[in-house]
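Notes to accompany the following structure.
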Amino acid sequence: MKKKIAGFIVMALLSVGQVLGQTHEVRMFSHRGGRMEFDENTRVAFERSYEAGYRGFETDIRMTKDGELVIMHDNSLERTTNGKGEVEELTRVDIERLRTKQGNKILFLDELLDFLKDKSGLYVEFEMKTHPASAYPEERLAEYCDKLYNRVMAKRPADALYVFTSSDYRGLRYLQAHHPDAELLLITSKPCNQETIDLCKALGIKRLGATMNGTSRENVRKAHKEGLIVSLWPGQSVEDFMLGVYLECDFMCTDVPLRVKQWATEKTPWIKVRY
């Protein structure tokens, strides 16, 4: 029954998307390198997404005990690696000894930036993972933000759009105050609605990363009228992709980059998608 409903939704969105997709372009990006198809946030994940034609990516950055920036979503090591404990309590050497559950090396920011530095047409979201707040008190938060901004921007290709994202207002405000040229995006677990539109405007941030659940096309259009750029998540299926097209978002993450690109290329060639 669930598959039949999903199929009906896709067919309904196809008819609408055939009109909308011809006039509105959506930029897709590979979330954590495509976490449902590859080993998330690893070099191989970003390589495979790049080989598939993606130039849009999202990743997560934490800081080790000795001040190194590592690509890791969780502060705990248990879910994705063969280690135990918290990222912020270990040194770079400690983490370099670990491997992911699939046997890959843990990726550090400098290694990812080296992979990207000679690529053209990039859009990359660098999510500032500064939770729990107790692991990033004021002084350490400042160190983290400065290091992240300086290292990312030092290796940014000339035509790349690099965006610093977070659900932690502290990091966003620090970048606003100390690196005012930084492109920022506010992440929220709420939909694009009047509340989140107003919050973005109050913070002086023009990019909103909201959940698709509860987002209406009317509110996306309202955000656009207010001068905001809308990025939607999650993107775990073809149905999510088509919903994002219907909602007229500007950017959309996907955990299944290969599946979405293959399906969209074959089934909806009229939709303007930039990968």
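The values are calculated or read from the model by the stated rules, or taken from the named source; none is laboratory data. Every value quoted in this text rests on a predicted model; they were computed, and no experiment measured them. Don't worry about glycine lacking a Cβ; one is built from the backbone with ideal geometry, like all the others, and counts go over all protein chains shown. For accessibility, only protein heavy atoms count, side chains too; no ligands or nucleic acids. Shrake-Rupley method; radii C 1.70, N 1.55, O 1.52, S 1.80 Å.
Values as computed for the structure displayed
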{"quantity": "Entirely in the range 71-158, the helices (runs of 4 or more DSSP H) that have 2 or more residues that are in contact (Cβ under 8 Å) with a residue 60 or more places away in the chain and more than 16 Å from residue 60 (Cα to Cα)", "calculated": "138-154"}
{"quantity": "Pair list, Cβ under 7 Å, 6 or more apart: the range 196-225 residue under 15 Å from residue 241 (Cα atoms), other residue open to solvent by 20 Å² or more (accessible area, probe 1.4 Å) and small (Gly, Ala, Ser)", "calculated": "211/189"}
{"quantity": "Failed item, numbered, when residue 146 is tested on (1) touching a Phe, Trp or Tyr at 6+ places or on another chain (Cβ under 9 Å); (2) open to solvent by less than 30 Å² (accessible area, probe 1.4 Å); (3) farther than 22 Å from residue 77 by Cα", "calculated": "(2)"}
{"quantity": "Checklist (1) within 27 Å of residue 150 (Cα to Cα); (2) over 16 Å from the mean Cα position of the chain (by Cα) applied to residue 271, failing item", "calculated": "(1)"}
{"quantity": "Matching option when the condition is closer than 22 Å to residue 257 by Cα and modelled with pLDDT of 95 or more, among 203, 199, 185, 175", "calculated": "185"}
{"quantity": "Matching residues in the range 30-47 - criterion: being of a type in the set (A, V, I, L, M, F, W, C) and either buried (at least 24 other Cβ atoms within 10 Å of the Cβ) or more than 23 Å from residue 238 (Cβ to Cβ) (or both)", "calculated": "44, 45, 46"}
{"quantity": "All positions within the range 48-78 that are open to solvent by 40 Å² or more (accessible area, probe 1.4 Å), charged (D, E, K, R), touching a Lys or Arg at 6+ places or on another chain (Cβ under 8 Å) and closer than 30 Å to residue 261 by Cβ", "calculated": "55"}
{"quantity": "All positions within the range 174-189 that are more than 16 Å from the chain's Cα centre (by Cα) and not in a loop (DSSP other than H, G, I, E, B)", "calculated": "174, 175, 176, 177, 178"}
{"quantity": "Residue list for the range 23-63, restricted to those being assigned to a helix (DSSP H, G or I) and among the hydrophobic types (A, V, I, L, M, F, W, C)", "calculated": "44, 45, 46"}
